[in-house]
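The values are calculated or read from the model by the stated rules, or taken from the named source; none is laboratory data. Quick caveat, the model's predicted, so the values are computed rather than measured. Using ideal geometry, Cβ is built from the backbone for each residue, glycine included, and neighbour counts are taken over all protein chains shown. SASA here: full protein model, heavy atoms, side chains in, ligands and nucleic acids out. Shrake-Rupley method; radii C 1.70, N 1.55, O 1.52, S 1.80 Å.
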Amino acid sequence: MKPFLSVNEIHSGYDGVPVVHGVSLEVFRGEMVCIIGANGAGKTTTMRTICGLLHPEKGTVRFKDQDISRLPASRTIRRGISYVPEGRRLFPKLSVSENLSLGAFIEKDKREIVRREEEVLTLFPVLRQRANQKAETLSGGEQQMLAIARGMMSRPELLMLDEMSLGLMPSLVEKVMETIVQVNAEGTTVLLVEQMVQEALEISHRGYVLQTGRIVQSGSAKELMKSDEVRKAYMGM
Ligand code: ATP
């Protein structure tokens with residue numbers, strides 16, 4: 001089986017400062033895969049390079065068997081990739097519903113947008129009661145749900161989630177994770193970046209460990225959870 005997404009030896013960084021040094025990874029259709037690693041390991045940089053917010057200096061990113069390395073994010077979203085950045089980046093003064101519509105900006109048909117909003121609100125019931133509320137009035141957990149829900153509005157085939165758990169209480173982390181499991185179970189392939197390693201591995205099929213811009217370990221989530229290196233370095237054991 002060919003990978004859905006394949007990242008081949010990418011090098012990328014900012015203004016000539018290299019951050020990611022030859023990262024390769026694969027995601028198969030239907031999988032949930034996580035990238036784990038410490039602060040500054042290059043997880044966000046890898047995600048940005050995959051979705052086209054950055055371009056690799058070397059190496060390639062292939063999605064559905066096509067080279068997307070040079071496409072901007074405005075094009076990769078049309079090919080089916082949705083990236084939910086770290087820090088949510090909602091429009092605080094706009095309502096939940098308006099934030100959702102913006103997630104479907106590539107869709108011009110208003111009825112289709114309404115249809116998708118209905119679908120997404122079914123998946124995220126907490127947002128339904130708050131559809132007309134300004135995003136800034138939501139709790140942290142609800143805002144994170146909204147960020148993910150907005151990412152779903154483009155009907156992605158590959159949903160990329162960056163640090164969903166950041167700043168959330170443990171009970172909310174669990175809620176957000178449950179929702180992601182459901183999104184994945186309903187057919188969306190998921191690539192996520194997390195610092196909550198245990199939680200991320202519990203919901204993922206496979207994982208990659210990124211250290212100073214390089215993949216140092218990979219395997220099934222079960223294998224990684226048992227690995228002494230992973231337990232020591234990222235699970236405080
Ligand atoms: P975190 O979990 O802390 O976000 P990360 O693994 O996602 O960490 P990156 O955000 O990819 O790491 O950052 C990796 C390195 O790249 C860091 O040393 C950071 O200082 C640098 N970096 C990130 N963004 C920029 C930028 N816009 N300009 C210059 N350097 C950057």
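Residues HIS11, HIS205, sorted by accessible area with the largest first, give HIS205, HIS11 [1.4 Å probe; ligands and nucleic acids excluded]. Heavy atoms of the protein chains alone define the surface here; on that basis the range 89-155 has 52 Å² accessible area per residue at 1.4 Å probe size.
Note on LYS222: lysines with a C-alpha under 25 Å away, same-chain residues under 8 apart excluded, are LYS2, LYS43, LYS175, LYS232.
Where does the chain land at 222 nm, in deg cm²/dmol rounded to the nearest 500, when only DSSP H runs of n ≥ 4 count, each adding -39500 (n - 2.57), divided by all residues? Numbers along the way, then the final one.
On the way: 10 runs with 91 residues, N = 237.
Here the helix-only value at 222 nm equals -11000 deg cm²/dmol.
Remark: the range 89-155 carries a charge dipole of roughly 100 debye about the Cα centre, counting +1 on each Lys and Arg Cβ and -1 on each Asp and Glu Cβ.
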